[in-house]
Structure formats: C-alpha cells, structure tokens
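These notes concern the structure reproduced below.
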Amino acid sequence: MKPINVGLLGLGTVGGGTLTVLRRNQAEITRRAGRAILVKMAAVRDLSKAQQLYAGEDIKITTNPLEVVENPEIDIVVELIGGTDQAKALVLKAIANGKHVVTANKALLAMHGNEIFAAAQAKGVMVAFEAAVAGGIPIIKAVREGLSANRIEWVAGIINGTTNFILTEMRDKGLAFDTVLAEAQRLGYAESDPTFDIEGVDAAHKLTILAAIAFGIPMQFDKAYTEGISNLTKEDIQYAEELGYRIKLLGITKRVAQGIELRVHPTLIPTKRLIANVEGVMNAVLVKGDAVGATLYYGRGAGAEPTASAVVADLVDVTRMHTADPEHRVPHLAFQPDALSDEPILPMSEVRTAYYLRMRAFDKPGVLADITRILADMEISIDAMIQKEPDEGQEQVDIIMLTHVTVEKNVNQAINKIEGLSTISGKVTRLRLETLG
Ligand code: HSE
C-alpha cells in the first residue's frame, strides 16, 4: 500500500526524536500500521541548522510552515512548534485543507481545543494528542479507550517533570526552592523562563485535557485553579515528612455531587502511596474508575524519544483509522461530541479536601486554645498536630496542624481569623492534603 505522508511543523527535540524513532523502528511500525509512514517535509525556524542536521535525508525543509499545511501530498500534519497563536492558525488551516493533525501542544488544546475539535469534526479529520499529556505515558489512550467501561471518579497526576525534579531535590538535599531551580535550569530541565512549569500552568493545561476526556466535558482551562511551588519552603517539606506525607505538585480533577473539581497545587500525600515515590523528572497519573478501582500510569513526561513515542503512536492510529467513517473513530474527547456534559467546574472555595496549616506563634499560655477555638467555630476538625521547640533565644514556635476534610471557604475564614490573633506572627501557610485512598 502506498505510504502515508507526514509533514512536521518544527524539527527541534521532539521533531528530531520522531524522525529517529520512525527510522529506527520503520519495519515494526509498518507491520503495525499496515503501510509505511514517511516524513516528507518539515518547517523549521533555522534553515541552515536543519540542513546541516538532516543533510542527505529525503525531507524537504522549509522556513514557511504554510507550505506544509498547504501541500496536497501531506496526509498528516504534526504540530510541534508550541505556543498558541501561530500553532492555532496552522492547525485550523491544516484541518480546513482536510489533513489530520497530531499535536503535542497542551496549551493549544487546553485553550482552543473546543474550537479545534469542532472544526475537525465538521471536516471529518482526526486531531490526535497523546504527546500533549505526560509525554511518553499513553494516558490519553488509557482514559479514552482502556477505561471506557468506567464512570471515572477522579484523576490525580504528577504531570510536570520540572517541578517534580525541584521538589525531589529540595527534599533529598534540604535545599531552598531558588537554589534547586537554578540547578534545574543549568541541567536543561527548566526553561530560562520557568513560569509555566513552576507556577503550575503547564500542569493545568494537561489537567484540563485529562478532565475533558475523563468526564466528557469541554476544555475549561480558564476555570482551573492553579497554584505552583515557588512559595514552598524546605521547612514545609520537612514537616510534612515528619507527619508521614510527601509534597507533590498534583493536578487533581474529581467528580463530586455539585460538579467537577479542577485544581493544580502542591499537595501532601501519604508517603506510603506508590505515587508519592515518583521522583525526579518522572511523571505518574492515578485514575480511579468505579469498576476498575485505582490504576496508576508511570513514565517519562518529556524528552525527545519518550514524546516521540506518543507522536508516532498517534501517527499509527491515524494511519489505521483515516479511511474509517468519522463516526466509527474514537471521539476526540472520549464521549460523542453531542453528548458532552455541562457539569459545572466548582470554584476553589467549594472544594472539599484536608489541610496542612503552619503558623508561627508566641509560646504563651492560651495560644493553642485560641487557634483551636477558631477552627472549632468553623467546624474544622484537627487530625494531627506538632509544635516545634523554639530555637535558642527565640520566643516563637512553629505549630503545624493537619485537618480532616473540610470545605475550602471555611479554611479561608479560619486562616483570616488566626492571622488576626496578636499571638500569631506573619501569615499562615496553607497546603492541601489528599489521601488518594
Ligand atoms: N515542561 C514539561 C515538564 C514537559 O516539565 O514536565 C513538557 O510538557
């Protein structure tokens, strides 16, 4: 059968990895797909660099990405340029030209996925995005197809390798956030502008996609609660360990009676959970289905070949399915497009979880009684507590409390009142705690 022709938008780390994997495993991939998958063309930013790297290869290199999406010989466009403006225009153009699209671009899908999928649906083409979430882990396939018997209850994932590396180093070496961030940048794990990673935005993009396919809801990135790790101290990591918990940046989406929780924040999880032991740049996603129970997916969330593994799997899927009637393909968001649900995303104030609270108090009679009275008035029940001995010559002590599950708005009020006590110095540190049981 005649080969399927692929055009790449971007030939950097992932594009290069995709070429390498397609070449190395060509025979296996053809046996799986039923026909050869050939990269015919690639759009790059730096022509001379690409020509040097890919000299002698049978790939047309251009600096004009429109040449790829307009080329009638190209069957599948692989979008690897990132960003949202140009990528969106090119993807929509490719779709309008009747091409299937494979993309690794989580920001693009989280923000413009509804429009892109509607355009693809109208045109009868596929937009595949396995590489957009957790790199090489086939989590889209697992949730969208492997778990399709289940009513998904919740998803909780370590879906950003940069922040997981930073948290691991802070705990292992007792270092401060800024020190480890600089190290992560030196090693090339963190971008020179690390904002999207460390402030949880990258994880929120991925979580938005996971929530959409887990619950059959539209992409609603603007409603995701996003809190990163830049304010986390090594002391909090240490105290959490003393209490039997590890702090991870988790993306959590959960279906509850009133709607859907969609939140990214540093989270205490029991050290004994498998996912608490996912270290360094590795990613892992826990999915709880009503029939299957909890399932855990682990692997590399970034890097040339792990991400290429997902891109090429999508290329194989599209190659197998492109002659099928669109209604016989797996729907983009796992559920039929006319069966998406309008369940609301809950505001953070309505989220129910447990809490870690750390405060600095003067070591005087009655201080604890004042704090516990405030918590009791807000119907917040204490699960565990430690008070550290004051450092030599210090009058203030750290008090750390874990609460039972309660509602976020009550905790907000309690924190305000505690911070108003004359015996409390500075702000209360609040972290959320999930048992993931
Ligand atoms: N910047 C991401 C991470 C990888 O650190 O996990 C690409 O999604």
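Counting only lysines at least 8 places from residue 254 when in the same chain, those with an alpha carbon closer than 26 Å to its own are 106, 141, 206, 223, 272, 288, 409. Remark: the chain carries a charge dipole of roughly 1120 debye about the Cα centre, counting +1 on each Lys and Arg Cβ and -1 on each Asp and Glu Cβ. Distance from the Cα centroid of the stretch 127-184 to that of the stretch 27-68 is 29 Å (rounded to whole angstrom). Taking the Cα centre of the stretch 351-433 as origin and assigning +1 to Lys and Arg Cβ atoms and -1 to Asp and Glu Cβ atoms, the resulting dipole is close to 400 debye. For the chain, adding -39500 (n - 2.57) for each run of n ≥ 4 DSSP H residues and dividing by the number of residues yields -11000 deg cm²/dmol at 222 nm.
Listed by chain and number, the lysines whose C-alpha is less than 25 Å from the C-alpha of residue 60, apart from same-chain residues fewer than 8 away, are 2, 40, 49, 88, 93, 99. With all pairs of different C-alpha atoms in the average, the Kirkwood value for the hydrodynamic radius of the stretch 93-209 is 16.2 Å. Basic side chains Lys and Arg get +1 at the Cβ, acidic Asp and Glu get -1 at the Cβ, and with that the dipole of the stretch 139-300 about its Cα centre reaches some 720 debye. The gain in end-to-end length when the residue 387 to residue 230 segment is fully stretched comes to 54.0 nm, 0.36 nm per residue minus the alpha carbon separation. Rg and Dmax over the alpha-carbon atoms of the stretch 351-433 stand at 12.2, 41 Å. Only Cα pairs under 8 Å and 6+ residues apart enter the sum, and on that basis the relative contact order of the chain stands at 16 percent. Relative contact order, whole percent, for the stretch 139-300 stands at 34, derived from Cα pairs under 8 Å and 6 or more residues apart.
Debye sum, Cα scatterers, the chain, no solvent: what log₁₀ I/I(0) at q = 0.06, 0.11, 0.14 1/Å? Listed by q, the Debye log ratios stand at -0.29, -0.86, -1.24.
Enumerate the residues in the stretch 198-232 having an amide nitrogen under 14 Å from the point lying 7 Å beyond the Cα of residue 256 toward its Cβ. Once the point is set 7 Å along Cα→Cβ of residue 256, 225 turn out to lie under 14 Å by backbone N, inside the stretch 198-232.
In plain terms, the chain from residue 291 to residue 66 could stretch by 76.4 nm, reckoned as 0.36 nm per residue minus the Cα-Cα distance.
Values quoted throughout were computed directly from the atomic coordinates according to the rules given, and no laboratory measurement underlies them. Keep in mind the model is a prediction, meaning the values are calculated, not measured. When we count neighbours, we look across all protein chains shown, and the Cβ atoms used for this are built from the backbone with ideal geometry, even at glycine.
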